[in-house]
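Asker: One structure is given below, represented as structure tokens, and several questions about it will come after.
The values are calculated or read from the model by the stated rules, or taken from the named source; none is laboratory data. Keep in mind that this is a model prediction, so the values were computed, not measured. Heads up, the Cβs are rebuilt from the backbone with ideal geometry, glycines too, and the neighbour counts pull from every protein chain shown. In case anyone asks, the SASA skips ligands and DNA or RNA and just uses the protein heavy atoms, side chains included. Shrake-Rupley method; radii C 1.70, N 1.55, O 1.52, S 1.80 Å.
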Amino acid sequence: MKHTRKRLGDLLIEEGLITPEQLATVLKEKDSSQKIGEALIQRGYITEQQLIEVLEYQLGIPHVNLYQYTFDTSLFTLISKETASRNLIIPLKKEGNKLFISMANPMDFIVIDDLRLSTGFQIEPAISTKDEIIRAINKYYNVDDDFDELLGELPEKDRTRTDDITDLDSPIVRLVNQLLSNAVVQRASDIHIDPQETKVVVRYRIDGVLRTERVLPKSMQSVFTARIKIMSNLDITEHRIPQDGRIKLNLDFHPVDLRVSTLPTVYGEKIVMRLLDMGSTLNNINKLGFNALNLKRFNEMIEKPTGIVLITGPTGSGKSSTLYAALNKLNSDAVNIITVEDPVEYQLEGINQVQVNQNVGMTFAAGLRSILRQDPNIIMVGEIRDKETAEVSIRASLTGHLVLSTLHTNDSLGTVTRLLDMGVEPFLLAATLSGIVAQRLVRKVCQDCMEEQEPSKREQEIFARRGMKIDKVIRGKGCASCNMTGYKGRIALHEVLVISDDMRRVIMDGESFQKLREIAVKNKTIFLIDDGMLKVKQGLTTTEEVLRVAIPD
């Protein structure tokens, strides 16, 4: 098959999907090792589906959906798993002297030539999405299906022998690696290992929702737990107290950082592993989903030389990402930034990060006091958990520092009440608080299978109650790209509350919560539900997702 060697950027410009300016920007900013198509998708200029359609149409390369494809597994001996993973390719079928290969980048002629030489076949490329190919590689290469049978070969009394859980070729090591690899491919944020009476359930949290991935037999529980503990440098002999650890490893050429937490339950130790995204995309404040007014207000808050800025929301609502993005924006040679965190999730260059260690008395409050002797300009406290930390943070802002921190509350106004409940003096709070950002994460509609629909009667009522009108809503009908869920990726909803002089007076006078709300409304504060509804109007998410995280008045 003869290919016209045309550059991908030119093809996309011809189709009107990107502008020459966007292409120039991406070529200038992208990593030298990153493919142009990948860089354009990452910045949201095109979707993977649009890229595939252009290549299919312009180059005549067929598109193969791997979601329910029946593979000829005998062909997997022709191409090693390492080659397939590195080049994002998978063999489909052979006809005579032709070998059909699905590729994420069918314009990679070097890979096609290499395959022709190494296999002896004429290569016929097809195109599939990157995620589909990675999922297929993990599913069909080196599959160890019957781990229970393999484990049954070990003597009962030696089930947790250290040599079995450290030998890289043992079945338990392969199983753990496969589960971690699958989690990375499916973009899971957490892996839950739940021991039950007769089985062990492995679940992934993908886009904020838990889904069962695999059910393991009870007999594997101890050796499985021991393997994870060894990887995260935990004490494998201790089962009665919670432990925390960390795993750093490379999976399929991808660096993975996991935070591990164990918790003793009646059926054994429950393990939760948080996968930390080490990508730098979250370090840009403009990519966090703030609308124009909220972004302007948030930037004004963090650019003040003193005061406290709080980010609030439940666990897993993206507070850390917003904090790190703010620190990244403020980070320069002219300022001294020090953080005290538990744990330090992302390491940022040029910022002094301190890890809390309760065992040796290094608490948030103790760390904060020491930081104040280090001549800082900006201080980030991982979380305000008690009155002592709150008071030291307030003293720090009173003495000319900008303090950024997080707090677990439902909304921005509830944060003021929470701090007063902690025992913080109203006059100190009024003097130091600059602003509060309440945040939640909702799932984004899949860009590859989205379609316009008529809004339901209930949706129209909800919008009308917020003073808005809705003519159409966008929903995903489900495709291979989003695992048939209709959602892919997440976006944040924000409620940015600027503490005005009127609010300071209300806080100092101890007036009612309702009074604060009235002032917030008068100051045109966009509440969580309103930001959610605006994002529904933009076609970014659905009403169901917004109502899952934000309560209408």
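Asker: Name the single residue, out of those in segment 183-212 being over 24 Å from Ile137 (Cα atoms) and modelled with pLDDT under 90, that is surrounded by the most Cβ atoms within 10 Å (Cβ to Cβ).
Answerer: My answer is Gly208.
Asker: Applying the selection to segment 245-287, what residues are at pLDDT 85 or above, touching a Ser or Thr at 6+ places or on another chain (Cβ under 7 Å), farther than 20 Å from Thr212 by Cα and open to solvent by less than 60 Å² (accessible area, probe 1.4 Å)?
Answerer: Gly245, Ile247 - these are the residues of segment 245-287 that are at pLDDT 85 or above, touching a Ser or Thr at 6+ places or on another chain (Cβ under 7 Å), farther than 20 Å from Thr212 by Cα and open to solvent by less than 60 Å² (accessible area, probe 1.4 Å).
Asker: Would you call Ala430 open to solvent by less than 60 Å² (accessible area, probe 1.4 Å), touching a strand residue (DSSP E or B) at 6+ places or on another chain (Cβ under 6 Å) and in a helix (DSSP H, G or I)?
Answerer: no
Asker: If you don't mind, another one. I'd like to know if segment 506-520 contains one or more residues that are at pLDDT 90 or above, open to solvent by less than 10 Å² (accessible area, probe 1.4 Å), outside any loop (DSSP other than H, G, I, E, B) and within 30 Å of Ile134 (Cβ to Cβ).
Answerer: no
Asker: Taking segment 472-492 as the search range and keeping residues that are in a strand (DSSP E or B) and farther than 13 Å from Asp131 by Cβ, which one is most open to solvent (accessible area, probe 1.4 Å)?
Answerer: That would be Arg490.
Asker: Determine whether Gly367 is at positive phi, at pLDDT 85 or above and touching a strand residue (DSSP E or B) at 6+ places or on another chain (Cβ under 9 Å).
Answerer: No: the conditions fail for Gly367.
Asker: If you don't mind, there's one more thing I want to ask. Need pairs with beta-carbon distance below 8 Å; first residue within 19 Å of Gln49 (Cα to Cα) and within segment 8-33, second open to solvent by 80 Å² or more (accessible area, probe 1.4 Å) and at pLDDT 80 or above; sequence gap 6+ or separate chains.
Answerer: Pairs found: Gly9/Leu27.
Asker: Scanning for something basic (Lys, Arg) and modelled with pLDDT under 85, does segment 121-138 turn up at least one residue?
Answerer: yes
Asker: In segment 105-122, which residues are free of Cβ contacts under 8 Å to residues at least 40 places away in the same chain and either in contact with a Pro (Cβ under 7 Å, 6 or more places away or on another chain) or closer than 17 Å to Phe71 by Cα (or both)?
Answerer: Passing the criteria: only Ile112.
Asker: Within the group Asp31, Asp114, which residue is charged (D, E, K, R) and assigned to a loop (DSSP other than H, G, I, E, B)?
Answerer: None of the other options fit; the residue is Asp31.
Matching residues to (1) more than 20 Å from Ile529 (Cβ to Cβ); (2) over 32 Å from the mean Cα position of the chain (by Cα):
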residue: Ser393; (1), (2): yes, no
residue: Thr399; (1), (2): yes, yes
residue: Arg443; (1), (2): no, no
residue: Ser456; (1), (2): no, no
residue: Ile462; (1), (2): no, no
residue: Ala480; (1), (2): yes, no
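Asker: Consider segment 63-75. How many of its residues are within 32 Å of the chain's Cα centre (by Cα) and open to solvent by 20 Å² or more (accessible area, probe 1.4 Å)?
Answerer: So the count comes out to 8.
Asker: Among the residues of segment 375-397, write down those that are among the small types (Gly, Ala, Ser) and in a helix (DSSP H, G or I).
Answerer: Ala390, Ser393, Ala396, Ser397
Asker: Answer yes or no: is there a residue in segment 48-57 that is more than 32 Å from the chain's Cα centre (by Cα), modelled with pLDDT of 80 or more, open to solvent by 70 Å² or more (accessible area, probe 1.4 Å) and under 26 Å from Lys139 (Cβ atoms).
Answerer: No, segment 48-57 has no match at all.
Asker: So, of the residues in segment 319-353 that are modelled with pLDDT of 85 or more and charged (D, E, K, R), which turns out to be most open to solvent (accessible area, probe 1.4 Å)?
Answerer: Per the criteria, the residue is Asp333.
Asker: Could you run through segment 398-418 and say how many residues are of a type in the set (Ser, Thr, Tyr), outside any strand (DSSP E or B), under 16 Å from Gly307 (Cα atoms) and open to solvent by less than 40 Å² (accessible area, probe 1.4 Å)?
Answerer: Summing the residues that are of a type in the set (Ser, Thr, Tyr), outside any strand (DSSP E or B), under 16 Å from Gly307 (Cα atoms) and open to solvent by less than 40 Å² (accessible area, probe 1.4 Å) in segment 398-418 gives 1.
Asker: Keeping to segment 15-47, report how many residues are small (Gly, Ala, Ser) and open to solvent by less than 30 Å² (accessible area, probe 1.4 Å).
Answerer: The total comes to 2.
Asker: Can I ask one more? Output the residue which, of all residues in segment 521-553 that are closer than 18 Å to Gly435 by Cβ and assigned to a helix (DSSP H, G or I), is most open to solvent (accessible area, probe 1.4 Å).
Answerer: Filtering segment 521-553 for residues that are closer than 18 Å to Gly435 by Cβ and assigned to a helix (DSSP H, G or I), the one most open to solvent (accessible area, probe 1.4 Å) comes out as Lys522.
Asker: Counting just the residues of segment 354-390 that are acidic (Asp, Glu) and under 31 Å from the mean Cα position of the chain (by Cα), which one comes out most open to solvent (accessible area, probe 1.4 Å)?
Answerer: Once the filter is applied, the top-ranked residue is Asp386.
Asker: Being more than 30 Å from Tyr69 (Cβ to Cβ) and either touching a Lys or Arg at 6+ places or on another chain (Cβ under 6 Å) or in a strand (DSSP E or B) (or both) narrows it down to one of Glu461, Glu452, Glu495, so name that one.
Answerer: Glu495
Asker: Please work out which residue is surrounded by the most Cβ atoms within 10 Å (Cβ to Cβ), limiting yourself to segment 83-100 and to residues that are closer than 17 Å to Leu117 by Cα and under 31 Å from the mean Cα position of the chain (by Cα).
Answerer: Ile90
Asker: Can you tell me which residues in segment 169-202 are within 16 Å of the chain's Cα centre (by Cα) and within 25 Å of Pro314 (Cβ to Cβ)?
Answerer: Ala183, Val184, Gln186, Arg187, Ala188, Ser189, Asp190, Ile191, His192
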